[in-house]
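The values are calculated or read from the model by the stated rules, or taken from the named source; none is laboratory data. All values reported here derive from a predicted model rather than from experimental measurement. Note that each Cβ is placed from the backbone with ideal geometry, even for glycine, and that neighbours are counted across all protein chains shown.
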Amino acid sequence: MKLSSCNFMLVSSKFGEMKQKPPKKKLPPGPFGFPVIGQSLSLFRALRTNTGEQWLEQKVRKFGPVLKLSLFGHPTVFLAGQAANKLVFGNDTLTPRQTRSFTSIMGRQTMREMIGDDHRRLRAAFGQFLKPDVLKKYVSKIDEEVRYHIKMNWTGQQTVTVTPLMKCLTFDIMCSLIFGLDRGDTRQALATELVDMVAGMWSIPLNIPFTRFNKSMKASRRARRILSKVIQERRRNLDHGLCSPHADLITCLLSLNQEGCGNEALSEEEIIDNTIFAMVAGHDTTAVLITFMIRQLAKDPAIHAKVAREQEGIAKSKTPGETLTWDDLNKMKYTWRVALETLRMIPPVFGSFRKALKDVEFNGYLIPKGWHVFWASSMTQMNADIFHEPHKFDPTRFENQSSIPPYCFIAFGGGSRICPGNEFARIETLVAMHYIVTQFRWKLSGEDDGFTRYPLPSPSQGLTIKLEPKGDMTLPTDNRHPSNKKLPPGSFGFPVIGQSLSFLRALRANNGHQWLEQKVRKFGPVLKLSLFGRPTIFLAGPAANKLVFGNDAFTPHQLTSFTRIMGRRTMREMVGDDHRQIRAAVGQFLKPEVLKMYVNKIDEEVRYHIKMNWTGHQTVTVMPLIKCLTFDVICSLVFGLDRGHTRQALAKEFVDVIAGMWSIPVNLPFTRFNKSLRASRRARRILSEVIQEKRRKLEHGLCPPHADLITCLLSLSQEGCGNEALTEEEIVDNTIFVMVAGHDTTAILITFMIRQLEKDPAIYARVAQEQEEIAQSKAPGEALTWDDLNKMKYTWRVALETLRMIPPVFWSFRKVLKDVEFNGYLIPEGWQVLRTTSMTQMNAEIFPEPHKFDPTRFENQSSVPPYSFIAFGGGSRICPANEFARIETLTAMYYIVAQFRWKLSGKDDSFSRYPLPSPSEGLPIKLEPKGDISTEKKTSHIGGQNYSEIIYVTHEKTVRHLQQQANINEIPESKARAYYTSATAETRAYAAVRKKKTPSCHFADSLISAHQSATDPRTRIGPANAEFPSAMAAAAELVALIVVVDRSPS
């Protein structure tokens, strides 16, 4: 009985406890769907077919406005209605949540991801930049970007595709205002990375090679490196008072704690993450809004007419060239209502996720901690109870915005998370619509008017429209451009790519000249076009060449890939004093009086190359062989590298460097550009080691200051010329530039000379006669001299005529640093200018019968009109190495012509001009050696022995030493030449007499002693080495004996 009582009491106690607990909260109704994937795939399908709203409405009808489901691997509660929106935007326990791929690419320090004080701190920082009284200052800057965009991409076009153009426009505005980046390489590089970043933000977060997510992650890292450099530059400018604290968003964030607002300074990571977030968020959403406004105006002529009337009224109140102002924007009331109605019906962000930081109760249902909450703007914005006839486009809904119930129109979000950039988006949208509406009428030209909503709303065909320019409205001109100047005629072609593809096809098919001639016939010698993503002016004729080469407003401009691989400190990229300083430094090495000393060195490289690669071969392929030759010559003279491991390692990297210089600058693994960049870095490490070694030798007096280009540049400030010493980066960049420029161009010239001589036997005969006469005047084994090269007049005319018809550089760009007027046309600042050699060099009015190969044109070079033959450029930018190229070309042709006859053996004799002229098969030829001339010259037959190799090696070693000694001790040229001649005699005598013990061996003994003394690096030519001249006298006597023996071996 007692036991029963106890049991009863225990049960009663437990029952009491259960009664005291609050009733258990229930989860919302609805199924989770399939394991893991839930309903993700069906939602994707609905968004792609623009039925996402119907998909959600169907679930709401079935389960109610609060329901559970599973999306993207997370249990999710979907909320619909005004009260639900208020909960989402007003409750701090629900924090924004993006997909993992989005967060990984964008960064985890964005104010979208932050909560509490961190979120408020970041939002306050952004608010400093985005508040109206600051944004007022940027209206003119946005105006300028919009006008430039319209002029470049819309004016003169019959059709445009709106979506990609609007994305380009909003990106440019973002770059200008957020990063403070003007148009140029940095903005272009950032644009490339942004495209790849955005492409993967809603992808599956699988970070393995070749996936979209992996590509986006790499692009994000590259973009961060770019922005890090921008931030460092802005910080320096701020520290030195060179920019205002509100110059752009980055400077505003950097100067946050300098303005007395008490906020903690942001870290660099926070600045980068949030500027990327602002760029992506503002870039896509505003582009979507403007695109769908243009679409709506095409579909509704009445609304278009009202918008046009409002905008044209504002335009007529402006003076020519005057930009829009803040007051002008405030007058665009109807246009902004059209924008708001567009946002209601097609919001850029269809829906978004929040994460529950703790349990939340709503409408009697539990939203558990850790679950996701999903909301969609269409649930209120397309609700007939809130917006009457919601599928009808009616801007008058927003005449009195206070009449719209709270939390029903949520295109910009709400509560503490409302979009901070909504005012910025208003300025962007209204300025863009002003210039588009006042300039054009348009019609939809695409067959498919549908659109998808995943990941953001996008017309199926990008919204292609046909443009009809308005005749009575003109685009206000930039204040910097006087209104009486007009752009040249022409067409920009397709958006972004312009005429790039057709131009490249023409170059590959070797009809680039005809392609340009056709445009000149249609538009005249000054015309506009678009190449490689840039607005371009093409100029033709001698006057145009003079303008390009003689005006400092034009600076050479290369493709991004070329500049990034070659370096940014080359004299080609520099302007002003920097260019003059580096050009003067390189000029010290390339002036004729210095180059005279290197003829022998080039001669040695050419003879070695012929012996190794031509002699004994029946057929050779010319182009690759000549490229090897010019590379070896460059290595010897520019880097001072003898044949060996270092030269071989550099050659390997050089091949990869060259391969990617004209590639698409996408730095991803396995791309040609990426391979070239890595090769460039390895080549720079090799050259850095070479520079350090040269510097040590210079400091210890172990090499002369003109031993090679590197020593010349290192010793620049030691010669009393007053120039500032070059940095190692400048030396590396410019030696690589000289290597690339000298390697390819001279190889092309020699290759096409060989091709031409085979095709024209009469010209070959004259060249051969000239070269053989020089060969017969030389002693056996004697190298070419400066005087010999000056006798090769006809051969050089053949070279010039080859350059006229097939210039190694057919085309090049210049960048316009400031507005220039030419022939009544404006060449705007920031554009690029294209010039080609063929427009004058193949002009029949300048060169009669231009397609006929005639070297006699250059018998009197002064008769060629100025700026007509421009194979070496002109003005202050004329090629500084043209004399070097002459020595290289003539030396190579001397040994090839004196040694061989040849015939073309390839099936295809055509050639391409992209990126540089190149025979289709590399120019294979059949060789027929000549019997009378040999690379070794005549060899000694004393005692039946062949001593040619001993003579060759010993002679070259001694002559090189004598050259160095003469340079160090500043021996006069006449004496230096005598020493070189004596060295020839000495080495030949040494080789012969050592083998045959003639009665003259006492001469040999003194000669051997002299040789040992001369080649000892501790000795010097001069008064201290008195035995040397007497030994050379003995050598002169001995060589006479050797000649007699050589001619009569018996």
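Results for (1) in the same structural domain as Ser918 (by TED's automatic domain parsing); (2) under 20 Å from Phe631 (Cβ atoms); (3) modelled with pLDDT of 85 or more, shown as yes or no for each residue.
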residue: Arg685; (1), (2), (3): yes, yes, yes
residue: Cys703; (1), (2), (3): yes, no, no
residue: Asp708; (1), (2), (3): yes, yes, no
residue: Leu716; (1), (2), (3): yes, no, no
residue: Thr727; (1), (2), (3): yes, no, no
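Annotation: of all residues in the range 181-194 being out of contact with any Lys or Arg (no Cβ under 7 Å at 6 or more places or on another chain) and assigned to a loop (DSSP other than H, G, I, E, B), the one that is surrounded by the fewest Cβ atoms within 10 Å (Cβ to Cβ) is Asp182. Kindly indicate whether Thr110 is assigned by TED's automatic domain parsing to the domain that holds Glu361, within 27 Å of Met201 (Cα to Cα) and of a type in the set (S, T, N, Q). Criteria met by Thr110. Of everything listed in (1) touching a strand residue (DSSP E or B) at 6+ places or on another chain (Cβ under 8 Å); (2) in a loop (DSSP other than H, G, I, E, B); (3) of a type in the set (Val, Ile, Thr), the single unmet condition for Thr323 is (1). Evaluate the range 210-217: report whether one residue or more is within 20 Å of Phe179 (Cα to Cα), of a type in the set (Lys, Arg) and either touching a Ser or Thr at 6+ places or on another chain (Cβ under 6 Å) or not assigned by TED's automatic domain parsing to the domain that holds Pro459 (or both). There is no residue in the range 210-217 that is within 20 Å of Phe179 (Cα to Cα), of a type in the set (Lys, Arg) and either touching a Ser or Thr at 6+ places or on another chain (Cβ under 6 Å) or not assigned by TED's automatic domain parsing to the domain that holds Pro459 (or both).
Run down Leu629, Leu637 and say which single residue is modelled with pLDDT under 85, crowded, with 19+ Cβ neighbours inside 10 Å, closer than 30 Å to Glu693 by Cα and not hydroxyl-bearing (Ser, Thr, Tyr).
Exactly one of Leu629, Leu637 is modelled with pLDDT under 85, crowded, with 19+ Cβ neighbours inside 10 Å, closer than 30 Å to Glu693 by Cα and not hydroxyl-bearing (Ser, Thr, Tyr), namely Leu637.
Scanning the range 812-840 for residues that are of a type outside the set (S, T, N, Q) and in contact with a Gly (Cβ under 7 Å, 6 or more places away or on another chain), we see that the one that is nearest to His851 (Cα to Cα) is Met839. On inspection, Lys694 passes the criterion of being among the charged types (D, E, K, R), more than 29 Å from the chain's Cα centre (by Cα) and at pLDDT 85 or above.
Note on the range 669-690: residues that are within 19 Å of Ile582 (Cα to Cα) and touching a Phe, Trp or Tyr at 6+ places or on another chain (Cβ under 9 Å) total 1. For the range 69-118, a residue qualifies if it is surrounded by fewer than 20 Cβ atoms within 10 Å (Cβ to Cβ) and at pLDDT 90 or above, and the qualifying residues are Pro75, Gln82, Ala83, Lys86.
Within the range 497-514, being surrounded by fewer than 16 Cβ atoms within 10 Å (Cβ to Cβ) and not basic (Lys, Arg) holds for Ile497, Leu501, Ser502, Ala509, Asn511, Gln514.
Working carefully through the options Arg235, Arg295, find the one that is of a type in the set (D, E, K, R), in contact (Cβ under 8 Å) with a residue 60 or more places away in the chain and not in a loop (DSSP other than H, G, I, E, B). Exactly one residue qualifies, and that residue is Arg295. Of the residues making up the range 888-900, one or more are in a strand (DSSP E or B) and either touching a Leu at 6+ places or on another chain (Cβ under 8 Å) or modelled with pLDDT of 90 or more (or both).
Quick check on my filter: what residues within the range 520-553 are among the basic types (Lys, Arg) and either in contact with a helix residue (DSSP H, G or I) (Cβ under 6 Å, 6 or more places away or on another chain) or closer than 14 Å to Phe822 by Cα (or both)? Correct list: Lys528, Lys546. Residue-level check: of (1) at pLDDT below 70; (2) farther than 19 Å from Cys628 by Cβ, Thr935 misses just (2). In a residue-by-residue description of the range 539-556, the property of being touching a residue at least 60 places away in the same chain (Cβ under 8 Å), surrounded by fewer than 18 Cβ atoms within 10 Å (Cβ to Cβ) and touching a Cys at 6+ places or on another chain (Cβ under 9 Å) applies to no position. Within the range 497-516, the set of residues being more than 19 Å from Asp909 (Cα to Cα) and touching a residue at least 12 places away in the same chain (Cβ under 8 Å) comprises Ile497, Gly498, Gln499, Ser500, Ser502, Phe503, Leu504, Trp515, Leu516. Do we have Val160 as modelled with pLDDT of 85 or more, part of a strand (DSSP E or B) and either in the same structural domain as Leu329 (by TED's automatic domain parsing) or surrounded by 19 or more Cβ atoms within 10 Å (Cβ to Cβ) (or both) here? Answer is yes for this residue. Just one residue in the set Val798, Val833 is crowded, with 20+ Cβ neighbours inside 10 Å and in contact with a His (Cβ under 9 Å, 6 or more places away or on another chain); that residue is Val833.
In the range 338-399, counting only strands (runs of 3 or more DSSP E) that sit wholly within it, the ones holding 3 or more residues that are crowded, with 21+ Cβ neighbours inside 10 Å and in contact with a strand residue (DSSP E or B) (Cβ under 9 Å, 6 or more places away or on another chain) span 372-376. Restricting Gln158, Gln128 to those that are in contact with a Cys (Cβ under 6 Å, 6 or more places away or on another chain), in contact (Cβ under 8 Å) with a residue 60 or more places away in the chain and either closer than 30 Å to Ile436 by Cβ or not small (Gly, Ala, Ser) (or both) reduces the list to Gln128.
Within the range 799-851, if we keep just the residues that are in a strand (DSSP E or B) and among the hydroxyl-bearing types (Ser, Thr, Tyr), the residue that is modelled with the lowest pLDDT turns out to be Ser812.
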